[in-house]
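First comes the structure, then the notes that go with it.
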Amino acid sequence: MSNRRTFAIISHPDAGKTTLTEKLLLQGGAIHLAGEVKARGQARRARSDWMKIEQQRGISVTSSVMTFERDGVTFNLLDTPGHEDFSEDTYRTLTAVDSAVMVIDAAKGIEPQTRKLFEVCRLRSVPIITFVNKVDREGRPVFELLDEIADMLALDVSPQAYPVGMGGEFEGVLDFATGCVARPEGPSKEFLGTRDCDPSIPDRFAEEIELAQIGYPEFDLDAYRNGDLTPVYFGSALKNFGVTELIEALAKHAPPPRPQPAGDDKVDPEQDEVTGFIFKVQANMDPNHRDRIAFMRMASGTFKRGMKLTPSGLGKPIAVHSPIMFFAQDREIADTAEAGDIIGIPNHGTLRVGDTLSEKDKVRFTGLPNFAPEILRRVQLKDPTKTKQLRKALDDLSEEGVIQVFYPELGAQHIVGVVGQLQLDVLVSRLAAEYKVDAGLEAAPFDTARWIKGPQAEIETFEGFNRANLARDRDGDLVFMAKSAWDVNYQQEKHPELTFSATKER
Ligand code: GDP
């Protein structure tokens, strides 16, 4: 049985993802990160400077892979960029994990970005462990939070811990499994390791706690692994409460590498043949080299350096001589990697998002969709003699996954779609720097896009009435450009035989 746990953290900005990540890395065996955490302010500044440079050079922003170990379990934590750098990569990263930790701010509950990311997890039934963070501060009532998770996400919730008071009344976190309370200590009120296993709980909390234990479903491993139930932990990333319990829950319950869908088949992680798929391509990571790094999630087999793998679509094998493993900030040369691990493969544009790599070139992984963009813009070409270059650039950048491009059925202006604002800046600067195309972006009269499928006759009828709102994507597939979500619902009701899909499989 594999000892890998490949997961991501999903959350809304400010819920505490960065703080929790640092604590997880510290508690795991990522020892050389400790220095970095101490120099945290500095590291953060360095990181944002790096982002600025990335932006000026017109390259996309890093989403890294962090590996740490604890008690014989290897954790691969895939970062889902979540702030101004929110992009389709954020979504795609979730196709490469076996489970996720959902971090919620106890004072805020489910926020919009948490919800969006959750929906992407649900597409693939990714199991979720919930961590309600910041219980050292005043938060919303626990039952309200639990019910909100259950109602908004249509999930069963199973509390595994309980905060004994919050804010000024905070007395620690009770772990249901052991019955011990992790107590705050010292002037900083942190968790320094003191667990009280014969706690006297004040009456006003005791009743609530009993209700929480009997009023919600018990933890059920199958329901969790099917994505139907989420165990809920409470803690404080900042003050170190609940972090150990979270790692232990990941080690104990989170699934090891899951079989990966490949059409009607599934590829078993235990099979000998090395297979994997590309979930992200990063251009020009090292400004001195014009190469790209393709991030491959290993689906099966044991990869060894120098191995020959055939990318789907290319037909001929490539030798992977210098794969990169991302151990926090440092790049390390990987010698071997197994199912669940991520390796970076340098290349000159041969590898694309969604590609399968394999030894025998027989499988094709599926379930790596494009996601409907949430921001749409018209591209305004400043020099009309550059039409051809623009088209080439947009096609290239859409294959790389930086943007999506739509060619309207009426009118000549191209429309680009992205999930996060930063991608638009990246687009404009890369157009100028790499393709010598001076272009601007202007508002498009659309809010979102949906891929249309259905019986041919129905599609034709629909086309007849809606030509001004139709476009073709890079592959020539038909897309409905909608003015609003309401517009999508309206058309869906009017045309029940058609599907308006927010995702598309390549
Ligand atoms: P991210 O945007 O989700 O990565 O959130 P950060 O980890 O950067 O945290 C956002 C803010 O919340 C920072 O000021 C943190 O210090 C603070 N924070 C994070 N976790 C906790 C917590 O458990 N308790 C309290 N009181 N503050 C926290």
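If the chain between Glu463 and His321 were fully stretched, how many nm would it gain, using 0.36 nm times the residue separation less the Cα-Cα distance? Display every interim value, and only then the final one.
Working: separation 142, 0.36 × 142 = 51.12 nm, distance 4.96 nm.
Stretched out fully, the Glu463 to His321 stretch lengthens by 46.2 nm.
Mind sorting Tyr224, Tyr435 by how few other Cβ atoms lie within 10 Å of their own Cβ, fewest first? Mind dumping the intermediate values first?
Working: Tyr224 23, Tyr435 17.
In order of increasing Cβ crowding within 10 Å: Tyr435, Tyr224.
What is the spin-label model distance, in nm, from Gln213 to Lys360 if the labels are put 7 Å beyond Cα along the C-beta direction?
For Gln213 paired with Lys360, the spin-label model returns 5.3 nm.
Which of the peptides 494-504, 17-27, 156-166, 67-77 is most tightly packed, and how do the rest follow, judged by the mean count of other Cβ atoms within 10 Å per residue?
156-166, 17-27, 67-77, 494-504
Please sort 475-485, 99-109, 267-277, 136-146 by packing, taking for each peptide the average over its residues of neighbouring beta carbons within 10 angstrom, highest first.
99-109, 267-277, 136-146, 475-485
So what is the 222 nm mean residue ellipticity for the chain from helices alone, if each DSSP H run of at least 4 adds -39500 (n - 2.57) and you divide by all residues, rounding to the nearest 500 deg cm²/dmol? Please report the intermediate quantities before stating the final value.
On the way: 13 runs with 142 residues, N = 506.
Counting only the DSSP helices, I get -8500 deg cm²/dmol.
Which is farthest toward the positive dipole end of the chain among Leu94, Pro346, Gly464, measuring Cα position about the Cα centre, with Cβ charges +1 (Lys, Arg) and -1 (Asp, Glu)?
Comparing the listed Cα positions along the dipole, Pro346 ranks first.
Suppose each label sits 7 Å from its Cα in the direction of the beta carbon; what would the Gln380-Asp268 distance come out to in nanometres?
The two pseudo-label positions are separated by 5.9 nm.
What aspartates and glutamates sit close enough to Lys360 to cross-link, taking a C-alpha to C-alpha distance under 18 Å and skipping anything fewer than 8 places away on the same chain?
Asp265, Asp268, Glu270, Asp272, Glu273, Glu338
Counting only C-alpha contacts under 8 Å and six or more residues apart, can you give the relative contact order of the chain as a whole percent?
Result for the chain is 14 percent.
Grab the other residues whose beta carbon is less than 14 angstrom from that of Tyr490, score K and R as +1, D and E as -1, and report the net.
0
Treat every Asp and Glu Cβ in the chain as -1 and every Lys and Arg Cβ as +1, leave all other atoms uncharged, and give the resulting dipole magnitude about the Cα centre to the nearest 20 debye.
It comes to approximately 2160 debye.
Under the 0.36 nm per residue contour assumption, what length would be gained going from the current alpha-carbon distance of Lys304 and Arg140 to full extension?
54.0 nm
Mind sorting Cys180, Cys121 by how few other Cβ atoms lie within 10 Å of their own Cβ, fewest first?
Cys180, Cys121
For Ala485 and Gln27, compute 0.36 nm times the residue count separating them, minus their Cα-Cα distance, and round to one decimal in nm.
Contour length minus the Cα-Cα distance gives 160.5 nm.
Once you place label points 7 Å from the Cα toward the Cβ at Asp395 and Gln456, how far apart are they in nm?
2.6 nm
What residues from the range 350-390 fall in the zone where the backbone N is under 13 Å from a label point 7 Å along the Cα-to-C-beta line of Glu505?
Residues passing the 13 Å test: 364-370.
Bear in mind that the values in this text are calculations on the coordinates, not laboratory data. Just so it is clear, the structure is predicted and the values come from calculations on it, not from any experiment. Methodologically, a virtual Cβ is constructed for each residue, glycine included, from the backbone with ideal geometry; neighbour enumeration extends over all protein chains shown.
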